[in-house]
1. Might you check whether a residue that is touching a residue at least 40 places away in the same chain (Cβ under 8 Å), within 23 Å of B:G59 (Cβ to Cβ) and either crowded, with 16+ Cβ neighbours inside 10 Å or out of contact with any Ser or Thr (no Cβ under 9 Å at 6 or more places or on another chain) (or both) occurs anywhere in segment B:168-175?
2. Tell me the helices (runs of 4 or more DSSP H) entirely within segment A:15-131 that contain at least 2 residues that are over 17 Å from A:A156 (Cα atoms), within 13 Å of chain B (Cβ to nearest Cβ) and touching a residue at least 60 places away in the same chain (Cβ under 8 Å).
3. Yes or no: segment C:95-116 includes at least one residue that is at negative phi and away from chain B (no Cβ under 14 Å).
4. Is it the case that segment A:39-47 has a residue that's in contact with a helix residue (DSSP H, G or I) (Cβ under 6 Å, 6 or more places away or on another chain) and within 26 Å of A:A169 (Cα to Cα)?
5. Within segment B:273-293, can you find the residues that are crowded, with 21+ Cβ neighbours inside 10 Å and either touching a Ser or Thr at 6+ places or on another chain (Cβ under 9 Å) or away from every other protein chain (no Cβ under 13 Å) (or both)?
6. What pairs come up if the first residue lies in segment B:250-269 and is under 20 Å from B:K197 (Cα atoms), the second is in a loop (DSSP other than H, G, I, E, B) and of a type in the set (D, E, K, R), and their beta carbons are under 9 Å apart, counting only those six or more places apart or on different chains?
7. When you go through B:L123, B:L160 one by one, which is the residue that is more than 14 Å from chain C (Cβ to nearest Cβ) and aliphatic (A, V, I, L, M)?
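The values are calculated or read from the model by the stated rules, or taken from the named source; none is laboratory data. Worth saying up front: this structure is predicted, and the values here are computed from it rather than measured. Cβ sites come from the backbone with ideal geometry, for glycine too, and all protein chains shown count toward neighbours.
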Amino acid sequence: MSAVLEVRGLCKSFRGLKAVSDVSLTAEEGAITGMIGPNGAGKSTTFNMICGFYPPTSGQIFYRGRDITGLRAYQFADMGIARTFQIMKPLGNLTVLDNVASGAFFGRHKAKSLSQAREIAEGILEFTGLTARRDVLAREMGTPDQKRLEVARALATKPDMLFLDEAMAGLNPTETEDAIALIRRINEGGVTIFLIEHIMRAVVSLCGKVVVLHHGEKIAEGTPEQVMNDPYVMEVYLGKGAPNVKG
Amino acid sequence: MFRTIFSSTFRRRAAAALALLVAVMLVLPLTLSGMPYIQNVFILAFYMTTMSLAWNLLGGMTGQNSIGHACFMGIGAYTSVLCVTQFGMNPWVSLPIAVLVTAVITGLVFSQCFILRGPYFTLVTIAFAEAVRQIILNWDFAGKAIGVGLPYVRGNNWLLFSFKDRAIYYYIAFAMMVGVYLIMKRIDNSRLGFALKTIREDEDVAAAIGIRPLKYKVIAVVISASVSAVAGFFYACYYRYIDPNIMLQSASVELVLPAIIGGSAFVEGPLVGGILMVSLSEYLRNTFGGILPGINLILYAVVLIVVIRFRPTGILGWYSHSAFRDFLEGRVLGRNMDKNGKEAQS
Amino acid sequence: MDTFLQACLNGLMIGGFYSLMGMGQNIIFGVMKIINFCHGEMLMVGMYLTYVFHAWLGIDPYLAVPLVALTMFLFGALFQHTLITPSLGTHSFTNLLFLTVGMGVLLTNVAQVIFSSDYRTITTGYSSTILSFGPVTVALPKVVSFGVLIVISIALFFFLKYTPVGKKIRAVSQNPIGAQVVGIDSKKIYMITYGLGAALAGVSGALLTLFYVINPTAGSNFGFRALIVVVVGGLGSIPGAFFAGIFLGLLETLVSLFIGPSLRTLVVFATFIVILVIRQNILLRRA
């Protein structure tokens with residue numbers, strides 16, 4: 001497996017305050033890579049830098065060997081990179097179908113007409129299990145469906161790599177299982193996935209590799225089992241003197 | 001888009017009704033030939049609706065609220081009049097020049113100003129419009145506060161775009177409005193339209209799916225301003241005289257109201273709001289204007305406030321969810337309905 | 001030199017009004033994040049109220065100030081509670097914007113229907129008294145009005161800083177959700193805030209009546225300048241609004257003096273656009 005994404009020495013300061021310092025990581029082609037860490041660890045900041053939403057203070061980002069540091073967010077879709085947002089951002093006054101169709105119009109499908117865009121969108125709604133809700137206004141749906149819609153819209157840009165920012169936050173256990181299954185299916189279709197997640201069960205069952213952030217620094221990297229047994233990670237998550245948890 | 005405004009059965013019948021309506025609109029001026037005042041009301045309504053449609057591309061579809069559209073229209077009107085009076089051009093030649101000048105000016109200015117979001121963008125449109133008005137007020141070439149007029153032309157003259165017969169202006173204005181509506185309708189269902197609507201809903205999402213917000217916002221303002229310039233050209237040719245007051249903020253406000261009242265999320269919103277409100281307002285102005293000047297604007301404001309308070313999605317937004325729709329489309333136009341008033345499954 | 005000093009003094013006087021208008025706009029914008037597009041019209045209403053109190057009831061314009069303030073506060077609170085608050089959150093920024101725009105159109109035209117568009121003035125025994133300060137002269141009402149508005153500005157500053165209601169207004173303005181969490185009734189604060197903004201606009205109008213013509217569109221000049229003051233002076237800052245207003249007044253009169261009165265508005269508006277764009281560029285770069 002080769003690294004499709006490589007991040008080297010990424011730093012970000014907000015008005016002199018270091019939010020992320022010297023984070024390096026890789027994501028391998030076709031794999032699911034997870035990023036975890038307590039609140040305020042700098043996960044979202046790192047994520048937003050990789051996706052072009054914030055320019056990094058220093059450091060480099062490579063995608064398929066190409067230096068993409070400093071590219072703007074709207075240039076990512078054409079390279080086959082899509083993302084979802086932690087705080088869901090549905091296109092509220094558009095129907096679910098048109099939310100996804102707007103993704104199909106841009107990204108890499110570049111649909112020529114509305115009927116073509118909607119046809120692509122229908123397929124994605126089917127895949128993500130939203131078909132029944134196609135004519136509902138996006139803002140009228142609940143959290144689970146909006147989370148799903150985030151993924152569906154990202155998929156409509158036909159990505160090779162998908163960034164999921166807490167796609168399962170706020171879901172109940174059953175819905176979480178559904179989301180895990182969906183992410184696995186997307187991955188099986190050949191899409192490389194990089195995700196931030198708080199729900200450890202999802203991370204353990206999905207990710208081949210996990211990166212742990214704390215206070216803006218990378219403190220561990222490895223398989224979920226390795227990471228969970230790392231004494232420093234346990235200390236961060238559970239406090240000093242926590243009993244050893246066997247993976 | 002909200003729920004499709006009209007059901008499919010209704011749409012077929014509505015198409016017939018619409019064709020009939022268009023036919024009536026086309027025949028109307030012939031029957032009104034003795035009533036130039038009523039023809040004038042219609043011409044004004046078509047003109048205002050055209051402007052409102054232009055505004056709605058930027059305001060309703062892209063979510064960038066401009067209160068400076070009278071200025072775009074004014075730049076177009078002034079450019080064409082000055083081309084005719086100062087450079088001796090034919091009005092038809094001045095039209096593309098007016099559109100081009102307006103497009104270039106707005107493109108240049110707003111490519112810098114679109115980093116401003118929400119209320120700050122609105123402020124810039126107001127300041128821009130006032131600045132342009134002040135330039136004209138201080139510019140000898142443009143007639144300062146007195147304004148500029150087109151030369152008098154006898155009879156109907158297509159070459160010089162001047163008609164003694166109001167009916168011709170009526171047809172031109174009607175064609176302009178319908179043409180602009182069709183363009184907007186097309187944009188609404190196109191890639192461009194989806195880019196604009198996505199930007200309206202959320203610029204971060206737009207960027208995440210590969211839309212460059214700045215680029216599309218500039219495209220929207222340039223199209224919107226160009227259409228306004230065409231309307232400005234028509235305005236100048238119809239009234240034969242323009243002064244800087246056509247760019248007042250109150251003029252910019254007035255042309256937004258039909259879109260909000262009709263429903264700014266719909267391409268048809270300005271159409272419905274414009275025809276309804278301008279006719280009503282002109283009727284009031286004519287009937288009570290002598291005793292109570294401003295009564296028409298009071299009505300405008302009251303309707304606007306009531307609509308925003310009670311039907312925030314405008315007349316069409318309300319219609320698309322109303323029992324009246326079910327009544328009209330079911331009973332009157334014969335859609336299949338079950339006893340709950342819901343459309344029967346076919 | 002004398003003309004320069006005179007221009008500065010005039011700028012200072014008119015700038016005081018921009019400040020007062022800006023402060024009202026500032027707290028409204030700060031708390032509800034909406035531009036109040038009828039702010040200038042509320043000033044105009046304040047002028048007519050003063051006119052009515054004076055012409056019909058014989059109340060001196062300065063004694064009418066508290067009455068105008070109270071009336072406008074009630075009007076503002078009512079407008080906020082019945083129309084703006086229900087539209088907050090439920091719908092778009094566009095609707096809120098045009099709600100206040102619509103109110104402005106309504107106020108202007110109602111004034112037109114009641115009072116016609118004739119220019120009206122108020123004359124009192126002291127309104128043409130001229131004071132001289134060395135080489136410069138100024139009408140007595142201008143000095144009194146300026147004094148009153150300075151007092152009001154300072155009072156407003158301390159009100160927001162130290163009183164419980166003022167603290168709540170600032171809390172809602174900085175973090176509406178946080179304010180709700182600690183139990184602040186935001187709807188009530190919205191009412192008070194908008195009422196206060198309306199009262200400040202009305203008082204500005206009342207203070208202007210002795211040396212400014214009263215007509216239905218008298219407020220439009222002040223309305224937009226209040227917005228300039230908010231943007232330049234910084235959101236949520238009363239001292240910022242105060243100095244921005246004075247600065248704007250001075251800028252206008254000095255531009256009139258050195259470049260020409262007819263270019264005054266153009267220079268102010270063009271400067272404003274440039275300031276907005278540059279400021280935003282700086283903000284974006286810092287992020």
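1. Yes, segment B:168-175 contains at least one residue that is touching a residue at least 40 places away in the same chain (Cβ under 8 Å), within 23 Å of B:G59 (Cβ to Cβ) and either crowded, with 16+ Cβ neighbours inside 10 Å or out of contact with any Ser or Thr (no Cβ under 9 Å at 6 or more places or on another chain) (or both).
2. On the way: elements: A:43-50, A:96-105, A:114-128.
So the answer is A:43-50.
3. Checked against the condition, which is being at negative phi and away from chain B (no Cβ under 14 Å), segment C:95-116 yields no hits at all.
4. Filtering segment A:39-47 down to residues in contact with a helix residue (DSSP H, G or I) (Cβ under 6 Å, 6 or more places away or on another chain) leaves none.
No, that holds for no residue.
5. The first filter runs over segment B:273-293 and keeps only residues crowded, with 21+ Cβ neighbours inside 10 Å, leaving B:273-274, B:277-278, B:281.
If the condition is that a residue be crowded, with 21+ Cβ neighbours inside 10 Å and either touching a Ser or Thr at 6+ places or on another chain (Cβ under 9 Å) or away from every other protein chain (no Cβ under 13 Å) (or both), then B:G273, B:G274, B:V278 are the ones that fit.
6. B:G262/B:E268; B:G263/B:R311
7. Numbers: B:L123 fails: more than 14 Å from chain C (Cβ to nearest Cβ).
Checking each option against the conditions leaves just B:L160.
Here is a yes/no grid of residues against (1) assigned to a strand (DSSP E or B); (2) within 14 Å of chain C (Cβ to nearest Cβ); (3) within 17 Å of B:A236 (Cβ to Cβ):
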| position | (1), (2), (3) |
| --- | --- |
| B:Q112 | no, yes, no |
| B:A131 | no, yes, no |
| B:M176 | no, no, yes |
| B:R186 | no, no, no |
